[in-house]
1. Among (1) closer than 18 Å to MET13 by Cβ; (2) modelled with pLDDT under 80, which single condition is SER99 missing?
2. Give all pairs with beta carbons closer than 8 Å in which a residue from the range 34-46 that is over 15 Å from PRO67 (Cβ atoms) meets a residue that is assigned to a helix (DSSP H, G or I) and hydroxyl-bearing (Ser, Thr, Tyr); count only pairs at least 6 apart in sequence or on separate chains.
Amino acid sequence: MNHDYLMNLATVMFFICYIPELYANYKNKNSNIYNLPEKAITLTGSAFAFAYALSVNDIVLLSNYGPLLTLDIIALLMRGYYTYRNHSIKPLVQDIQVSNESIV
């Protein structure tokens with residue numbers, strides 16, 4: 001019996017899990033350097049799984065790991081961007097606080 005529907009169900013479940021994460025990253029625009037290793041490891045795992053699916057030429061695996069690899073890339077880029085952005089803005093906020101304290 002063909003159980004391809006189980007892989008399709010797994011893909012849908014992964015997508016459901018990524019929606020809140022991507023929304024939270026966009027909404028909060030918050031991330032730090034400690035969030036990046038987790039996403040890098042997840043991306044590496046997805047890349048290996050996608051490479052395996054390509055090597056065995058399995059359409060079901062390709063349809064599962066292709067979109068997941070794309071979501072992992074987007075999540076890593078978002079976290080990397082917000083980590084960089086928050087890191088570069090942070091010293092400016094501290095300078096403003098010091099300036100306000102010296103006025104009082």
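1. Of everything listed in (1) closer than 18 Å to MET13 by Cβ; (2) modelled with pLDDT under 80, SER99 misses just condition (1).
2. Cβ pairs passing all conditions: ASN35/THR83; LEU36/THR83.
Condition check ((1) more than 13 Å from the chain's Cα centre (by Cα); (2) outside any helix (DSSP H, G or I); (3) of a type in the set (D, E, K, R); (4) under 21 Å from TYR23 (Cβ atoms)) across all residues:
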| site | (1), (2), (3), (4) |
| --- | --- |
| PRO37 | no, no, no, no |
| ALA51 | yes, no, no, no |
| VAL60 | yes, no, no, no |
| THR70 | no, no, no, yes |
| ILE74 | no, no, no, yes |
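The values are calculated or read from the model by the stated rules, or taken from the named source; none is laboratory data. Predicted model only: the values in this text are computed from it and were never measured. A quick note on method: Cβ atoms are made from the backbone with ideal geometry, for glycine too, and the neighbour counts reach across all protein chains shown.
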